[in-house]
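Encoded as structure tokens, the structure appears first; notes follow it.
None of the figures in this text is laboratory data; all of them are computed from the coordinates on show. Bear in mind that the values here come from a model prediction, so they are computed numbers and not experimental data. When we count neighbours, we look across all protein chains shown, and the Cβ atoms used for this are built from the backbone with ideal geometry, even at glycine.
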Amino acid sequence: MLTLNTADLKPAELQNYLQYAIAPRPICFASTVDKAGNVNLSPYSFFNLFSSNPPICVFSPARRVRDNTTKHTLENILEVPECVINIVNYDMVQQTSLASTEYPKGVNEFVKAGFTELKSELVRPPRVAEAPVQLECIVNQVIPLGDGPGAGNLVLAEVKLIHIQEEILDDQGKIDQAKIDLVARLGGDWYCRVQEENLFRVAKPIAQLGMGMDALPPAIRNSNILTANNIAALANEENMPSSEAIEAIQLVPEVKEVLDATLGDSQTRSLQLEQLAKQYLDQGDVITAWKILLI
Ligand SMILES: Cc1cc2nc3c(=O)[nH]c(=O)nc-3n(C[C@H](O)[C@H](O)[C@H](O)COP(=O)(O)O)c2cc1C
């Protein structure tokens, strides 16, 4: 394993390792104004949601590594503590990158990158009309993390109004995770797109108290066929199935087929049952998998 002491790395090297590893990062496309009302629009991937009550997002315009100067976004926020955090989808990504060009102060990146200004209802900076979600925010606090090149400045932005394009809503009026078509920043020039085929669910372990890996029978915990994800899904269940349920599963045709074909060969039988259970686990049917594994 490569082990690096951050004190030995140059800022650019440090940034490289951390940005490739701490990824994907959501993108805050922040619009701000200076006290004369000049508009600025820039993307920030040092960004996330840190509290939902109160609703607080944090993003970080860092000091430029090149010359240790501060970003216009930060300077504007210190003059007018308001911003709109526009959420970036795939259709906007090239223009968003264009808006990150280091134009001189006072240049409006809405114009440079070809985005449409939409008047905000509560704050002075305009919204990006093309963005699927636009968050009008009041900046509560700015926390500088240092004064050297690359030092971040945490902008604590309290969300006051949430605007959502109706096309990305499902029939319950909630955001559809597939329809919003988000993009995120990774290391270097890499981005990723959140599309339906990349989405999967992991059951939250809050409705029940999962038994835990330590409670699993050793044959399951040490299986060569089940993956760590498969085994953890089994450990997320509160109880093992009843003996009646285990008996009943033996009558299911595909299970019965394995049992009949492996009469007197216990090794092949447990191997094939594990393979069958794995198919159920991979489809998200943990209960059936448990029953098969306990035959
Ligand atoms: C997708 C993306 C994410 C970025 N994230 C950050 C970031 O988190 N912090 C930062 O200081 N610069 C970040 N940048 C670079 C800034 O957007 C860039 O320095 C910009 O010119 C700053 O504009 P301003 O000086 O007008 O505020 C990012 C650029 C891109 C394209």
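If one puts a single equal scatterer on every Cα of region 30-112 and applies the Debye formula without solvent, what log₁₀ I(q)/I(0) results at q = 0.14, 0.25 Å⁻¹? Each listed q corresponds, in turn, to -0.49, -1.39. The value given for region 1-159 is a Kirkwood hydrodynamic radius of 16.2 Å, derived from the mean inverse Cα-Cα separation. Among 54-66, 220-232, sorting by the average number of other beta carbon atoms lying within 10 angstrom of each residue, highest first, gives 54-66, 220-232. In summary, the convex hull built on the alpha carbon positions of region 146-226 has an orientation-averaged projected area of 12.1 nm².
Using only Cα atoms and rounding to the nearest 10 degrees, what angle (0 to 90) does helix 11-21 make with the longest principal axis of the chain? Approximately 40 degrees, to the nearest ten. Farthest toward the positive end of the dipole of the chain, out of 68, 280, 38, is the Cα of 68, where the dipole comes from beta carbon charges about the Cα centre. Centre-to-centre, using Cα atoms only, region 264-295 and region 104-175 are separated by 50 Å. Straight-line cross-link reach from residue 160 at under 17 Å between alpha-carbon atoms covers these lysines, not counting any fewer than eight positions away in the same chain: 119. Note on the chain: semi-axes of the ellipsoid equivalent to its C-alpha gyration tensor, largest first and rounded to whole Å, are 51, 23, 17.
The orientation-averaged projection of the convex hull spanning the C-alpha atoms of region 162-202 amounts to 4.4 square nanometres.
Summing charges over neighbours of residue 145, with a neighbour being any other residue whose Cβ is under 15 Å away from its Cβ, gives +2 when K and R count +1 and D and E count -1.
If you wrap region 22-62 in the convex hull of its Cα atoms and look at it from every side, the mean projected area works out to 3.8 nm². Applying the criteria of a DSSP loop state and at most 14 other Cβ atoms within 10 Å to the trypsin sites (Lys or Arg not before Pro) of region 79-144 yields 105, 119.
Taking DSSP loops as anything outside H, G, I, E and B, show the longest stretch in the chain free of GluC sites (Glu not before Pro) there with at most 16 other beta carbons within 10 Å. Walk me through the intermediate numbers first.
Numbers: sites that count: 102, 121, 238.
Longest gap between qualifying sites, sites excluded: 122-237.
Taken along its three principal axes, the alpha carbon spread of region 213-293 comes to 31, 25, 22 Å, from the longest extent down to the shortest. For region 100-254, a simple Cβ point-charge model (Lys and Arg +1, Asp and Glu -1, everything else neutral) yields a dipole of about 640 debye relative to the Cα centre.
Please state the charge dipole magnitude for the chain, taken about the Cα centre, from unit charges on C-beta atoms (+1 on K and R, -1 on D and E), reported in debye and rounded to the nearest 20. Working shown, then result.
Working: 24 positive and 37 negative charges, 204 e Å.
Approximately 980 debye in magnitude.
The value of relative contact order for the chain, using C-alpha pairs under 8 Å at least six residues apart, is 16 percent.
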